[in-house]
Every structure is written in C-alpha cells, then in structure tokens.
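One structure is given below, encoded as structure tokens.
The values are calculated or read from the model by the stated rules, or taken from the named source; none is laboratory data. Small disclaimer: the values here were computed from a predicted structure and weren't measured. Neighbour counts run over all protein chains shown; Cβ positions are idealised from the backbone, glycine included.
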Amino acid sequence: MVDPTNTTAKDGGSVYSYNSYSDSDLSPGKKDEEGGFQDPQAYRGPHGEPTASDGAESTGEGFHEGDVKAESEQDENKKVGVWKKLKDRSYWTPRKERRGILPHLSLIPEFKDARDYPPHIKKFIVFVIAFSSMMGPMATSIVYPAIDPIKEDYKTTSIMVNVSVGVYQISLGVFPLWWSSISEMNGRRTVYVLSFLLLLAFNVGTGLSPNINDFIILRVLSGGAAASVQSVGAGTVADLYVPEERGTNIGIYYMGPLMAPLVSPIIGAALVSGFPWKSTQWFMVILSGVNVILLVLFLPETLRKQDSGAAITAILQARRKGSPGVNANQTEDKSGYQTQYNEDTHSISDPSIATHEHGNDADLERVLSRTSNSMTRFNSNNDLDPIAPQLSKIHSYDPRQEQMLREYEAKRVENNLEEELSRMETAKSNHTARSDGDKIEQTRFQKYRHLAYLYLIRPLKSLYFLEYPPVLLAITFSAISFAVLYFVNMTLEYGYSRPPYNFSPMLIGLMYIPNSVTYLLASVFGGMWTDNLLLKYKAKHGEMVPEARISWNIVTAVIAFPISLLIFGWCLDKGEHWETPLVGTALFGYANMMTIGATVSYLVDSLPGKGATGVALNNLVRQVLAAAAVFVTDPMLDNMTIGWSFTMLAFIIIGATSVLVVLKKYGDHWRENFDLERLYNKLE
C-alpha cells in the first residue's frame, strides 16, 4: 500500500510534490518510513540551517535522541525573554527584503520564519487578526436596528434599505476570491493594510452619503474591502503555528466573526437610540481607523517563504548540459525538502527571463524570482469557513482520493516547470531576430495579460467545482440554510418594530442575543461532537470518510430546524408574549450552525488540497442567496404574513434535507468514480 505521506516516486519520479497532507500529518518530529521531511521550515534555525534534531534524525537510532534534543531546545527557548528574542537580529528578515506595504513601520520585525516568534507575540498577532475579522459581519448586523431611521432620513422604501444590506452581502461573497489570490502572490500584510485603508475611506463615504443611491454604492465597496480577512485570516494563523497548536488559536481567531453578530445589533441599537442613525457608520469609521493603526504597526508579513532554489537550479543546470531530464535524485534538496508549488506555476513565462543574456547566474536569478512568487503549499491551511465555522480539528479526507490527487499534482508541476524552461530557451534562440522595440512591446503585452489572468480570470475558475456532485449538493444545502438565517434576522426587526410590540431600536437589538448565543455554542461544541463521531467511525471501520460527518449531529439539527421556524413564525405572527418567538430563534441558532458547519466541513474534505477554493465558492453562492433573501423578505411578509412565510421556509428546509440523504448514500461512489483530476486541471 502506498504511503499517503510520501509522494516522492521511488523509481526516480517527480520530487515536485505538493505538501497536501492533512494537518495531523504535519506534526513536528513525525517522519515517514522513508525518512521524508514533513515540514522543513518548522525544524530550521533562523538562517535556514538544519537544527540539532535534523542531524539526529539522519542517524539510524537518532529519532528519540532528536526528540530529546528538540524538547531541551524548547525548554531553553522558554527561558529566553520575549523582548530578547525580538531583538535577536539573527531571526530577522533583512530590512531590504521585508515584504508588504510600509513594512518598515511595523514595530514587530518580520522574521525569516513566522513560527519563530515568541508565543506572546504570536498570540498578540492572532488577537489583531481576530479584531479585524469582526468588521465584515459587524457592518451587516449593525444596521438592522437602523432600517426604519434610514428609510425616514433618505425618504425611501424598506426595499431600498434592504438592497443596501443585500449588496453588502454579495460583496462579502465575491471579493474573497480575489483577496485570496492577491495574498498568495503579494503576501498577507499587503492585503490587510491595503484593504483596511480602502475600508476606512469607504466607511467615511457611507457616513457622508447624501442619498440612498450613494449609500448603496459605498456599501458595496466597503463590503469588498472588509472581505479580505475572511480569505486570509485562517492562513495567517497557519503561518504562525504548527498544526497541533493551531486548533486553539483558530478558535481565538473565530471569536471575532462569531461575536460580531452578537454585539453589533446591540451597539447599533444603543447608537440609534441616542444619536442619528449615521452614528452606526461613524462607529465603523472609528473601528476601521483603529484596525489600520494596529495592522500597520503590529502586523509583520507572516507568509512563509519556500526554499525552492536547489531544485530549480538543478533543472536549469541539467538543461544547459543537454540532459534530457532530471530525476528525483538529481533535484532533491540535501535537507530533504520536497519542493512545493501552487496553481500559478503554469502561467505564461515572464519574457524578461528570455529577452537579455547576462550569463547563467542572471538567468537563474530570474527564474527563481519568477517562480518563487507562485510557490505555496498544496494545502494552504486556509480552508476554514470564516462566517459559519465549526471548530472541528480532524480532517476526514479519503486517503485513496488524496493520494491520487497528490500524484497528479506532482506530475503536473514538474511538467509545468519543464515547459517554463523550454519557453525560456526558445525565446533565447529567437531573440536575435527581433528588434528591441518588438521585444519591449511583447514583454509589456504578455506581462499585462498574465496579470489580468491572475487577478481577474483565474479566481472565477473555482466555479468548475460545481460540476462535482458532492460539492454541488453540499453548497446547495449550506446556501439554503444560510439564506434562511437572513430571513430570520430581517424578520426580527420587521416583527418587533410593529404592533403589538412596537419595540424601540434598543430593545430590537437585544432580540438578536438568543440565536447568537446558541450559534456560538454550536460552533464550539458542534465541532467537538463531529470529531467524536469521526473517531468512532474510524474505530469501527478503520478509516475516516467525509460522510461520517453526517450522523446524529445532523439528525438532531434537521429535526430542530423546521420546528424552530414554525415556533418563531407563528408566535410572532399571532403576537404572543415577546419571549416565545425567541425560543424559536434560540433553537434555530443551534440547528443552523450544526447543519452549515457540518456541510462546509464535508465540502472541505471532499476537495483534498483545494478546501480553501471550496470554501470561497461556497461563500460566493450562499452570500448571493442571502442577498436575495434580504431583497424579498419585506414583500414576502407583507403579502403572506409572518406565519405562512415561515411555514413555507420550514417545508423548503425539509425538502433540502434530501440533499444530505443523497450525500450520505452516494458520496463514496462519486469519490471513487468521478474524474476529479479533470476539474483540478481546469483551475489552471
């Protein structure tokens, strides 16, 4: 049986293998039976040299010795003060090589490896990211208590105010596709600082907007800017921590987007009660400004560099010597590093590589520069849902499918690099026949075409995954459940602001607490429950598969889901005591989180190595449905009444449950028989 943690071919095949292991396979000190190095950066010193544990592992009986030395080194590191380590310039990236926007303004220097930061500094960075992650969902919920004041101030209709909420949701769904691509090519700090500077400007615009049309346009732009943390935040946590330390800190990061829906309606209600409604937007301006200061001063670049020079150098040298190919033994780094690339490797080669002849060193430097920007892990550790996270710490990838895809990606990357070098050599052989003007014009045209492809076209290719039935079905149920969440949120304001309740904006804001609390609890305990189900399934069947996530956790949620909608809808419709509809919303928060969290985790596990792409696609589809829900809520309630509207939604949920039955029954069949490689190839 093939070792799923070792993708290097024993017959001299490709060493350009993606690091697509699940997080559990990346724990420090763990190595495969071949002695393969699992995560080299986690074991290197500040200068990239192997640590003592590396040498121990290279000996026949040095594994335990390496562990002992590693533990002793950790004990010594604990004795080193935080400030002393920060001042140790051997860990620093040289000032001229620091990445991101305004890197020299960061009071925390960029380290060569982000995992070398002292624990307290790592924790502080996570808190900064968690605080930033509140901005997106907070700007959605903070306007709920202000819907009527906005309508009166702009002399417009409820539908137009709801449009301003809906288009914001669409922006939150669409723009993460692009922010994610930008972060992988230009770094995390660039995305954070740029997006929050834009967010600050757009929030000022919303506070000054003189009419509803300007307000809607600026809400679209502010939503697009706030979406950056959704696509980059979990990746930042993965940059800082090894996998076994990541679960707790991911939980800290997710406190931001989880707490925002709880506190923002209360803050919005308090502001609207004492000030004009635009105070909600100026509050967002203040938060945006604080975020910009925190990000500029306290967030260094954390994206980890890939040590790929040795492999590319070997290939270049072999091709210059006329060698027909390069095998694994010729290109493998002495440290055992398995070179990793992402999907960008296939892109058009930079003509600047081939337009001048400055010697072999210059050519090598250009190729290294050209490819280093497109190298990342096959699994970007960014595959966690930023809006409805279920804090599950266990992946349930199908090992057969994952191994097949790793082998496919390894072959594809090697072929792409060879093609890149072939283009370079062909261009060199033909460059003497071209005029300088033609070369410059072609260089510019290809450069702009390449940038347009990377930033505009390539992120949309994730839509191809909708051809894969498990992805389509999981996204369908997740999107429907998420849209119902917005029906509930909008109806809370609609029902309690009218007779017989006639609540003030402050009291309306408090009505969002029950479902927010159960939503938060279900995200934490739902993940623990799911992990327990996966472990039990493995104990019984000897493996973990994605379908194991769909079990009694989903059964309880599916039963509670329509019941909660009926309780909420009819109690509010009949004007029962104000507490009784909240029983329905509390039950709804549990059911909604359990179903969305489990289906998104299933989606991630169905796409080994492409979980982040699946989450981004899911976010796009469900935000579009959420926006549609916001648009139609008021007309639906006016014409059908609250009770019958939520009866209809209950039946829609019952019908959508059939999707989960189909996934449970046929998921394994599709994994074994569907040509998923074809869809992965389309992403190029």
Exactly one of (1) assigned to a helix (DSSP H, G or I); (2) modelled with pLDDT of 85 or more; (3) under 28 Å from Tyr453 (Cβ atoms) is unmet by Asp344. Its number? (2)
Answer yes if at least one residue in region 143-156 is assigned to a helix (DSSP H, G or I) and within 16 Å of the chain's Cα centre (by Cα), and no otherwise. no
Please go through region 81-97 and pick out each residue that is surrounded by fewer than 17 Cβ atoms within 10 Å (Cβ to Cβ) and part of a loop (DSSP other than H, G, I, E, B). Gly81, Asp88, Arg89, Ser90, Pro94
Of the conditions (1) among the basic types (Lys, Arg); (2) in a loop (DSSP other than H, G, I, E, B); (3) in contact with a Leu (Cβ under 8 Å, 6 or more places away or on another chain), Arg458 clears all except one; give me its number. (2)
Please pick out the residue among Leu262, Leu295, Leu258 that is assigned to a helix (DSSP H, G or I), touching a Phe, Trp or Tyr at 6+ places or on another chain (Cβ under 6 Å) and assigned by TED's automatic domain parsing to the domain that holds His104. Leu295
Output the number of the condition that Asn592 fails; it satisfies all remaining conditions of (1) farther than 26 Å from Ser171 by Cα; (2) in contact (Cβ under 8 Å) with a residue 24 or more places away in the chain; (3) in a helix (DSSP H, G or I). (1)
Looking for something in the same structural domain as Ala628 (by TED's automatic domain parsing), in contact with a Leu (Cβ under 6 Å, 6 or more places away or on another chain) and either modelled with pLDDT of 85 or more or part of a loop (DSSP other than H, G, I, E, B) (or both) - is there at least one such residue anywhere in region 526-535? no
In region 111-130, residues that are under 22 Å from the mean Cα position of the chain (by Cα) and charged (D, E, K, R) total 4
Note down all Cβ pairs under 7 Å where the first residue falls in region 651-677 and is in a helix (DSSP H, G or I), the second is loosely packed, with under 15 Cβ neighbours inside 10 Å and modelled with pLDDT of 95 or more, and they're at least six residues apart or on different chains. none
Considering only region 83-95, I want to know if a residue exists there that is at pLDDT 90 or above, under 29 Å from Ile182 (Cα atoms) and among the basic types (Lys, Arg). no
Residue under evaluation Gly643, criteria (1) touching an Asp or Glu at 6+ places or on another chain (Cβ under 6 Å); (2) buried (at least 24 other Cβ atoms within 10 Å of the Cβ); (3) in a helix (DSSP H, G or I), criterion not met: (2)
Quick one: in region 485-537, of everything that is more than 23 Å from the chain's Cα centre (by Cα) and β-branched (Val, Ile, Thr), which residue is farthest from Asp148 (Cα to Cα)? Thr518
What are the residues in region 130-151 that are crowded, with 23+ Cβ neighbours inside 10 Å, over 14 Å from Val165 (Cα atoms) and touching a Leu at 6+ places or on another chain (Cβ under 8 Å), if any? Ser132, Met135
Which condition breaks for Ala598 when tested against (1) small (Gly, Ala, Ser); (2) touching a residue at least 40 places away in the same chain (Cβ under 8 Å); (3) closer than 23 Å to Glu493 by Cα? (3)
Test Arg219 against the stated conditions and say whether it is under 19 Å from Ala139 (Cβ atoms), part of a helix (DSSP H, G or I), in contact (Cβ under 8 Å) with a residue 24 or more places away in the chain and basic (Lys, Arg). yes
